[in-house]
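Here's the structure we're looking at; comments come further down.
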Amino acid sequence: MTGASLGLRTGSYGSLQQQIQNGVLQTTQARKPSKMLLSSSREKEKLLIFICRYVGRRRVAMLLLVALALLVFVFGSFTVNKVWFLNDDAPESNITLHIGSMTPYWSNYPVSSNPPGVEDNLGSNNSSGQISLRGNDQSRASSHPPPTSATTATSVTRSNPPLGHQCVNFAFPPPPPVQSKRIGPRPCPVCYLPVERAIASMPSSPSESPVLRNLTYVHDGDSIKTETHGGSDFGGYPSLKQRNESFDIKESMAVHCGFVKGSKPGHHSGFNIDEADLLEMEQFHEVIVASAIFGNYDIIQQPKNISEAAMKNIPFYMFIDEETEAYMKNSSVLDSSKRVGLWRIIVVHDIPYPDPRRNGKVPKLLLHRIFPNVRYSVWIDGKLQLIVDPYQILERFLWRENANFAISRHYKRYDVFVEAEANKAAGKYDNFSIDNQIEFYKSEGLTPYSLDKLPITSDVPEGCVIIKEHIPITDLFTCLWFNEVDRFTPRDQLSFSTVRDKMMSKVSWSINMFMDCERRNFVIQAYHKDLLEHMSPPVGRMIRSPPAFPGYNPIVRPPMKRNGRRRGDRKSGQKHHRKVVAGSRDNNSF
């Protein structure tokens, strides 16, 4: 009778199996693994060795690192963009968390220069509740969901071009591919009318000036400084009371506006211009283009793509001081004709300020005083090159918008407090004066930018381009803006919003603040001369061989035969002897 089995226990490879057979305990060695299992194990080991061998190589390791970095970058970009586009329901108070970090460029392409939570919707088929702000092209659709009701209540609709207008269906092209070597502000497309159609769209009569009809200017040959705040003999030292009264807009007003001395602007006024030039500047012109270089600070940039009609009818004036004139004459750039390309050179004598950049604010903000019989003006800073016809610029930013004053907003900053700190960090002016100016504006009620200011999208302009119709209300604005520059610092970005907001609180008038990427479409910015002089020219790589000693004849040896061996290989057991020749070290060291 066979005994009952006590059970079978199978161990791992190499263990013993215990069996009870016929009542006798027997021990037998476990079965050997099959050939299939051994082969699979060996294949795994070979695969592991293969992977380790190639991962250890530099190229494969670098490829793996690059792939990992790209994966992390794509995942991070997706997360950031998802938060950017979907996080619109945050409270308006959170805007202060983003001040100073806003940028209008996403994926290296201009998207918006509005504060967080404010998006331009430029499509002709605007959905209800979406913000549509003036100053941008019409048909870029908003990627944001509709804003909150509080924002909607302050939104306005931007005037669309009339039916049949060539740019009515203009749309931004898709963003270009990301380029790691090209970062920072970039131009964006702008739809311009052909020059002939732009000229035809010029209004036949001046725009209506709200409230203000008659504007005159203060002349005071004996102006004396009576208050602690700044000012100048050229500006006339208006008191704080006079300053405050100048913002109370009436039908007839007399304000300080530079040139307080002399019989007329440019004549014994501290910003003196030759009589022949004054006669030329008093002529009537529909449109002028003006710029200035003081202190030999920039190099004249010649306009491009200017139509024959513009070259015939639009004069280009460049104001320079005597220092810049001397340099241009010594460089044979300027001769007796007083013309440099398209620019007619106007030399200014007895400049009123020791700071060249402050002197530049005189023609920039007071063109209407120097050119009393001009309808429209385009001002560009001396470092800029105009590359679009002036008629097309005026049609795009004034006539098409039914506006009479246009300026681009800053490409990054939209808050005056942030702009002041940026000026201090960059050493644009002394910190004490900037702080005093900001503290004064704070005492008058200046607050950081918030969504409550909509439809105003920025308090900081990029003031290197000003497009203006010369009517009383715009002339008053630039007069009061100049008075702030004369009283405080020459950083006109700091005083722009104060003057604008004080005037807008009195009259129904606004400024077209268009995107800075649009400005970059029609002007190219060059470096200031001081930066160009410190830039070293590009130097190509040159391979120079050391000079030979006199009487030295190098021995040319035939190439060595390698006999199938690589360089550096040697037979086993072979000793490597190095010959040392006296003097060879000195010769090679030369």
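The values are calculated or read from the model by the stated rules, or taken from the named source; none is laboratory data. Just so we're clear, the structure is a prediction, and the values are computed from it rather than from any experiment. Glycine gets a Cβ as well: all are built from the backbone with ideal geometry, and neighbour counts include every protein chain shown. Note: areas computed on protein heavy atoms with side chains; ligands, DNA, RNA excluded. Shrake-Rupley method; radii C 1.70, N 1.55, O 1.52, S 1.80 Å.
No other residue among 227, 245 is under 17 Å from residue 485 (Cα atoms) and free of Cβ contacts under 8 Å to residues at least 24 places away in the same chain apart from 227. The requirement of being part of a loop (DSSP other than H, G, I, E, B), hydroxyl-bearing (Ser, Thr, Tyr) and modelled with pLDDT of 95 or more is fulfilled somewhere in the range 208-224, by at least one residue. Could you please let me know if residue 350 is over 21 Å from residue 481 (Cβ atoms) and of a type in the set (Asp, Glu)? Yes: the conditions hold for residue 350. Restricting attention to the range 236-243, does a residue exist that is under 35 Å from the mean Cα position of the chain (by Cα) and not charged (D, E, K, R)? Looking for residues that are under 35 Å from the mean Cα position of the chain (by Cα) and not charged (D, E, K, R), one finds none in the range 236-243, hence no. Among the residues of the range 244-277, those identified as touching a helix residue (DSSP H, G or I) at 6+ places or on another chain (Cβ under 8 Å), surrounded by 18 or more Cβ atoms within 10 Å (Cβ to Cβ) and either among the hydrophobic types (A, V, I, L, M, F, W, C) or more than 15 Å from residue 217 (Cβ to Cβ) (or both) are 249, 253, 255, 257, 259, 271, 273.
Looking across the range 396-444, the residues that are within 28 Å of residue 470 (Cβ to Cβ) and open to solvent by 60 Å² or more (accessible area, probe 1.4 Å) come down to 402, 411.
Of the listed requirements (1) more than 24 Å from residue 352 (Cβ to Cβ); (2) among the charged types (D, E, K, R); (3) in contact with a helix residue (DSSP H, G or I) (Cβ under 9 Å, 6 or more places away or on another chain); (4) open to solvent by 10 Å² or more (accessible area, probe 1.4 Å), residue 475 misses just one: (1). Residues considered: 297, 317. Of these, the only one that is open to solvent by less than 40 Å² (accessible area, probe 1.4 Å) and closer than 15 Å to residue 362 by Cβ is 317. Of all residues in the range 500-526, those being under 24 Å from the mean Cα position of the chain (by Cα) and part of a helix (DSSP H, G or I) number 8. Of the residues 304, 312, the single one that is at pLDDT 95 or above, open to solvent by 60 Å² or more (accessible area, probe 1.4 Å) and in a helix (DSSP H, G or I) is 312.
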